[in-house]
1. Contact list please: Cβ distance under 9 Å, first residue in the stretch 105-128 and at negative phi, second residue hydroxyl-bearing (Ser, Thr, Tyr), pairs at least six apart or on different chains.
2. Does residue 332 count as part of a helix (DSSP H, G or I), under 29 Å from residue 270 (Cβ atoms) and small (Gly, Ala, Ser)?
3. Within the group 415, 404, which residue is touching a helix residue (DSSP H, G or I) at 6+ places or on another chain (Cβ under 8 Å) and outside any loop (DSSP other than H, G, I, E, B)?
4. Hey, can you tell me all the residues within the stretch 254-272 that are within 30 Å of residue 352 (Cβ to Cβ) and either of a type in the set (Lys, Arg) or in contact with a Gly (Cβ under 9 Å, 6 or more places away or on another chain) (or both)?
5. Any residue at all in the stretch 288-307 that's part of a loop (DSSP other than H, G, I, E, B), closer than 21 Å to residue 336 by Cα and of a type in the set (Asp, Glu)?
6. Can you report the number of residues in the stretch 353-367 which are of a type outside the set (A, V, I, L, M), closer than 20 Å to residue 398 by Cα and surrounded by 12 or more Cβ atoms within 10 Å (Cβ to Cβ)?
7. Taking residue 64 as meeting all but one of (1) assigned to a helix (DSSP H, G or I); (2) surrounded by 12 or more Cβ atoms within 10 Å (Cβ to Cβ), write down the number of the exception.
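The values are calculated or read from the model by the stated rules, or taken from the named source; none is laboratory data. Treat the numbers as computed from the prediction; the structure is a model and nothing was measured. Neighbour counts run over all protein chains shown; Cβ positions are idealised from the backbone, glycine included. For accessibility, only protein heavy atoms count, side chains too; no ligands or nucleic acids. Shrake-Rupley method; radii C 1.70, N 1.55, O 1.52, S 1.80 Å.
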Amino acid sequence: MATKFLSPKLLNTFPSFTRFLNSASTTSLAAVASLNFDEKPEPAAVEKQPTSLKQESITNATLDLDDHQRLFGSIPTLNLLRSSANLGLAANERFVDFGMWIMNSRLMETSLVRDAILKTVKHTFFQHFCAGETTEEAADCVRRIHDKGFRGMLVYAVEHTSDNAGCDRNLEGFLGSVELAKSLPASSVSFVIAKITAICPIGLLKRVSDLLRWQYKDPSFYLPWKLNTLPIFSDSSALYHTLEKPAQLSPKEESDLQLAHQRLLELCQKCVQDNVALTIDAEDTSIQPAIDYFTYSSAIMYNQDGNPIVFGTIQAYLKDAKERLFVTTKTAQSLGIPMGFKLVRGAYMSSESKLASLLGYDSPIHNSIQETHACYNDCASFMLERIADGYGAVVLATHNVESGQLAASKACDLGIQKGNQKLEFAQLYGMSEALSFGLRNAGFQVSKYLPYGPVDMVMPYLLRRAEENRGLLSTSRLDSVLMGKELKRRLKKLQLAKSEMASPSSMKIEIGKH
């Protein structure tokens, strides 16, 4: 029998959930208040910090994001030039639009053109945002970033699959990621990332999501295949995807669902065996209920003894994110199941809003970027408080400087040690390097999200990043500015050295030596 959902009334019994992240003073945050690194800034004025926030909280956790030499001094000049160029191109929306048009055009059907385009992509965006084509290249990338003080989140970068044969192939790729993590130096890999869309046919995920939504509307609606799970919805969840009672799964669909669940269990067992944590990525709201069902039913089986192996993902740009995180975590805690979450802002801004509008409903996404930031910070605060109480774990995946600063400060205020294995910060590989280095320099654990696989297989990942994260790519300006300053510093140093070598006094010294 499925675990019953907690009543939202229970929210009132946990006042700590309503506490915001402890904030810095207005002055100390002024320099970063306009740097919204996960979404494109909107013209609306930035909301004032709530009065309940502590104004003196940022102390030893303050991130130094001004010292470009300390942040980027270890990066070779050639790599710095390449990174700066790639970020500049990625931030140019016209260039991104043109690139996407080419990748989706019939030009890709011509082998010579396709080969030329893929070769160009490989040596530009792929090289910048991905860890390589093979497991060997991904392993080399993990070692390189580990030498810089980062850990890797290994992502076998496959997207949606529509048949069982493709699901089986993708499972082998995910199992290979676990094997790769096991072979690398201890602690160099923090997580293996998996997509349920890669091991369960996408059409089946939509069917399961419809059935789960209808059962939430009508608890008497029986689902014979349903396993024990944690809360998937809250009273604020959008249910407009399922307006009519769906038909039960056919025998073939139930068989396919069982196969998909077996694939995930095999992956979970491998992760437990090799002591590698697994994070399940989030997708759009049309299929997210099924993904949460897979994630939470597996977590009940494998998250034991205070050690979360299976992590879910919460997208804070959704209006119901905070309430869902709360009821799911509290239910898991009451059952003695340690639950870990990766917190992100979200990557389906345009598609979610278009679908809701098409169906005549309000968007499930917060109405302003400030509301999204506030939701993310509240969710982070809630999970940090759970960790301080000895429960759960969190990956704070963010490119937003202020959120990183506030979470670092909150962790210090709560007495969470900087080496605590239950707290991890994370950014995409090739993105927000300043924030990553700043958090690392402050003593926190930082991971980089490392997608890998053949260029043609990873192209859907890169295209989706370009389409759904336009705001994220355009907000790479802090990295670009700091990289530019570091390059100018090196150029001045080189010019000074040449000037000193060419000066008469240095020539006399050289002559004297001979």
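1. 128/83; 128/429
2. Details: part of a helix (DSSP H, G or I): yes; under 29 Å from residue 270 (Cβ atoms): yes; small (Gly, Ala, Ser): yes.
Judged against the criteria, residue 332 is a match.
3. On the way: 415 fails: outside any loop (DSSP other than H, G, I, E, B).
From the options 415, 404, the qualifying one is 404.
4. 263
5. Start the filter on the stretch 288-307 by keeping residues that are part of a loop (DSSP other than H, G, I, E, B), which leaves 303, 305-306.
Now drop any that are not closer than 21 Å to residue 336 by Cα, which leaves 303, 305-306.
Narrowing further to those that are of a type in the set (Asp, Glu): 305.
Yes, the stretch 288-307 contains at least one residue that is part of a loop (DSSP other than H, G, I, E, B), closer than 21 Å to residue 336 by Cα and of a type in the set (Asp, Glu).
6. Initially, the stretch 353-367 is screened for residues of a type outside the set (A, V, I, L, M), giving 353-354, 357, 360-364, 366-367.
Checking which are closer than 20 Å to residue 398 by Cα leaves us with 366-367.
If we keep only those that are surrounded by 12 or more Cβ atoms within 10 Å (Cβ to Cβ) too, we end up with 366.
The qualifying residues number 1.
7. With respect to (1) assigned to a helix (DSSP H, G or I); (2) surrounded by 12 or more Cβ atoms within 10 Å (Cβ to Cβ), residue 64 is out only on (1).
Conditions tested, residue by residue: (1) modelled with pLDDT of 85 or more; (2) under 13 Å from the mean Cα position of the chain (by Cα); (3) among the aliphatic types (A, V, I, L, M); (4) in the same structural domain as residue 187 (by the TED database).
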{"residue": "416", "(1), (2), (3), (4)": "yes, no, yes, yes"}
{"residue": "419", "(1), (2), (3), (4)": "no, no, no, yes"}
{"residue": "424", "(1), (2), (3), (4)": "yes, yes, no, yes"}
{"residue": "429", "(1), (2), (3), (4)": "yes, yes, no, yes"}
{"residue": "434", "(1), (2), (3), (4)": "yes, no, yes, yes"}
{"residue": "438", "(1), (2), (3), (4)": "yes, no, no, yes"}
{"residue": "444", "(1), (2), (3), (4)": "yes, no, no, yes"}
{"residue": "464", "(1), (2), (3), (4)": "no, no, no, no"}
